[in-house]
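What follows is one structure encoded as structure tokens, with my remarks underneath.
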Amino acid sequence: MTETGDRRPLASRNTRWAQAIARRLASMSITPNRISQASMLAAALGGLSFWLAGETEDGSRAALYIAAALFCQMRLLCNLFDGMVAVEGGKGEADGPFWNEFPDRVADILIFIGAGYGIGVPALGYAAAAFAVLTAYVRELGRANGAPSDFSGPMAKQHRMATMTAAAVLSAFEGLWLGDGEVLWIALLLVAAGAALTALLRARRQISWLRHGETDKR
């Protein structure tokens, strides 16, 4: 059994730079599972950067926010290349389906909870993490029920990371207007609300598919 199931549609997968890097990784002794595991490390460092940024000031704070933004993007790059190395590189492993999903859930939890503690509102971070995990749960429940995988938004994984990356970069400059966590507060609220809506919409389409054998396009 290898990782050959339906995949999240990503335009970046067809770019020359991504294909070149994926070929290079596939030619090395790096396995797709190790890349997936590395995404958890990137997320842990991202969450820690968000957390520590709330405890520091001035230049150090800005640097930590930039680091958090980079780690969020590194997490996404790991998510991109693990699948490409597994499928296009032909290095899929028997336990690939587990490592394809489990690190993503851990990564969301680490990043959002770290950001929540960083701004002193841990409940908001936990809410964003919970609803992010729920979006994936609904998708995987659909697959278990025989429905097509639903990767739609408005707050799918790539949208969540784009929101947090943009918020981190903006937060690096919030000292210019004497801000103190407002940007991240708004970002976490958007992620929590958007992920909750995403889970509801996916559930609605899944129920329609189960009832009628096709996804409701309304």
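The values are calculated or read from the model by the stated rules, or taken from the named source; none is laboratory data. Computed from a predicted structure; not experimentally measured. Ideal geometry is used to build each Cβ from the backbone, glycine not excepted, and the neighbour counts take in all protein chains shown. Side chains included, ligands, DNA and RNA excluded: accessible areas come from the protein's heavy atoms. Shrake-Rupley method; radii C 1.70, N 1.55, O 1.52, S 1.80 Å.
Quick notes on this one:
- Answer residue from region 28-60, given it is surrounded by 11 or more Cβ atoms within 10 Å (Cβ to Cβ) and among the polar types (S, T, N, Q) and is nearest to the chain's Cα centre (by Cα) among those: Ser39
- Filter result for the condition that a residue is within 19 Å of the chain's Cα centre (by Cα), at pLDDT 95 or above and not small (Gly, Ala, Ser), over Leu70, Leu80, Leu64: Leu70
- Any chance Leu70 is surrounded by 15 or more Cβ atoms within 10 Å (Cβ to Cβ), without any contact (Cβ under 8 Å) to a residue 60 or more places away in the chain and on the phi < 0 side of the Ramachandran plot: yes
- Annotation: Met84 fulfils all but one of (1) in contact (Cβ under 8 Å) with a residue 40 or more places away in the chain; (2) open to solvent by 50 Å² or more (accessible area, probe 1.4 Å); the unmet one is (2).
- Qualifying residue in region 94-109 (condition: outside any helix (DSSP H, G or I) and of a type outside the set (Asp, Glu)): yes
- Filter result (β-branched (Val, Ile, Thr), buried (at least 20 other Cβ atoms within 10 Å of the Cβ) and farther than 20 Å from Ala38 by Cβ) within region 102-137: Ile119, Thr135
- Of all the numbered requirements in (1) farther than 24 Å from Leu210 by Cβ; (2) out of contact with any Gly (no Cβ under 7 Å at 6 or more places or on another chain); (3) open to solvent by 30 Å² or more (accessible area, probe 1.4 Å); (4) not small (Gly, Ala, Ser), Asn145 misses one, and that requirement is (1).
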